[in-house]
Number of protein chains: 2
Amino acid sequence: MAEHTEAAPGSATIARLRRELARGTTELAVLSVLSVRRRYGYELLKVLRQAGEGVLEVKEGTLYPLLHRLEDSGHILATWEAEGRSRPRKYYVITPDGRTYLAMLRTEWSGLVDGMRQLLDTLGEVQE
Amino acid sequence: MAEHTEAAPGSATIARLRRELARGTTELAVLSVLSVRRRYGYELLKVLRQAGEGVLEVKEGTLYPLLHRLEDSGHILATWEAEGRSRPRKYYVITPDGRTYLAMLRTEWSGLVDGMRQLLDTLGEVQE
DNA sequence: ACCCGATACCTTATGTGACAAGGTATCGGG
DNA sequence: CCCGATACCTTGTCACATAAGGTATCGGGT
């Protein structure tokens, strides 16, 4: 027993809570952004931070692996582009397959939101 | 290399997708139900299945450990009750602490929902 | 009398995404 | 000349969800 673990092991509190709730959401967010137009990774990081109003605090360690997964599954396509600069960027485009998948994700998400709303609302009234 | 893995490794498809999206949601759902009145575990299973309209397909292996975690952190209290039957039930009540936590969870959840809505809506218009 | 499905509780092994932390390299300013 | 921003990446750890499997009781149906 060295330095008493500064916080209880299983309680990073609000940060963990937020993280768990937002789980799976990043994929939806990323594909949505890409459905408008192509973007490169670092750009996505900034776009998501702005758009989500701080709610979607995507980290680099989350985004890059996610992009690789989406690429592997054929939902997006990557192309390196230099555009005259020596610091090249990796642009991602959504594929038709990705659009189909995105539609599915949207459906799932609104289903969940509706389900939760109903559950929360219903409960307020039950009171039985 | 025995029987070719019936489905690609990382693609349990819709089930996984749904699971990841709903992550963290169960805690909110359970505490919400308990905020109305006390329930025992198996009962929660059924209540959640009904209320959530199939969206919140809580499994036993998810619920019981969750209840233990909530108990350990003082958000709920458990009491065994026989009520004349030989098959006793373990009833859970929400604590004041749990109510505070629930409020926090609700806030986080609606923040996420709002953030996502905004992001999805905004994107539809940007089109830039 | 007997078995089975529902009721009720539980645990262990596995998967998966999020993240912290750390790495590489370029470029523009001060 | 160095530092912070731009850009990309990886590895180790955590926490939750689930599949699968266990124990035990009870009420019906045959």
Residues satisfying the stated conditions in region A:15-30, i.e. under 16 Å from A:P65 (Cα atoms), facing chain B (nearest Cβ under 10 Å) and open to solvent by less than 20 Å² (accessible area, probe 1.4 Å):
A:T25, A:L28, A:A29
What are the pairs, 6+ residues apart or on separate chains, where a residue within region A:75-89 that is under 12 Å from A:G41 (Cα atoms) has its Cβ under 8 Å from a residue that is open to solvent by 90 Å² or more (accessible area, probe 1.4 Å) and not in a loop (DSSP other than H, G, I, E, B)?
A:P88/A:W80; A:R89/A:Y42; A:R89/A:W80
Members of region A:68-92 found to be away from every other protein chain (no Cβ under 14 Å) and near DNA strand C (Cβ under 10 Å from one of its atoms), listed by number
A:A82, A:G84, A:R85, A:S86, A:R87, A:P88
Report whether or not A:E71 is of a type in the set (D, E) and crowded, with 16+ Cβ neighbours inside 10 Å.
yes
Out of all the residues in region B:44-52, is one or more assigned to a loop (DSSP other than H, G, I, E, B) and within 12 Å of chain A (Cβ to nearest Cβ)?
yes
So in region A:76-128, with the set limited to residues that are among the small types (G, A, S) and over 24 Å from B:D121 (Cβ atoms), which one is least open to solvent (accessible area, probe 1.4 Å)?
A:A78
Looking at region B:96-105, is at least one residue in contact with a strand residue (DSSP E or B) (Cβ under 7 Å, 6 or more places away or on another chain) and assigned to a loop (DSSP other than H, G, I, E, B)?
no
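The values are calculated or read from the model by the stated rules, or taken from the named source; none is laboratory data. Remember, predicted model here, so these are calculated numbers, not experimental data. Glycine gets a Cβ as well: all are built from the backbone with ideal geometry, and neighbour counts include every protein chain shown. Side chains are part of the model used for accessible areas, which takes the heavy atoms of the whole protein and leaves out ligands, DNA and RNA. Shrake-Rupley method; radii C 1.70, N 1.55, O 1.52, S 1.80 Å.
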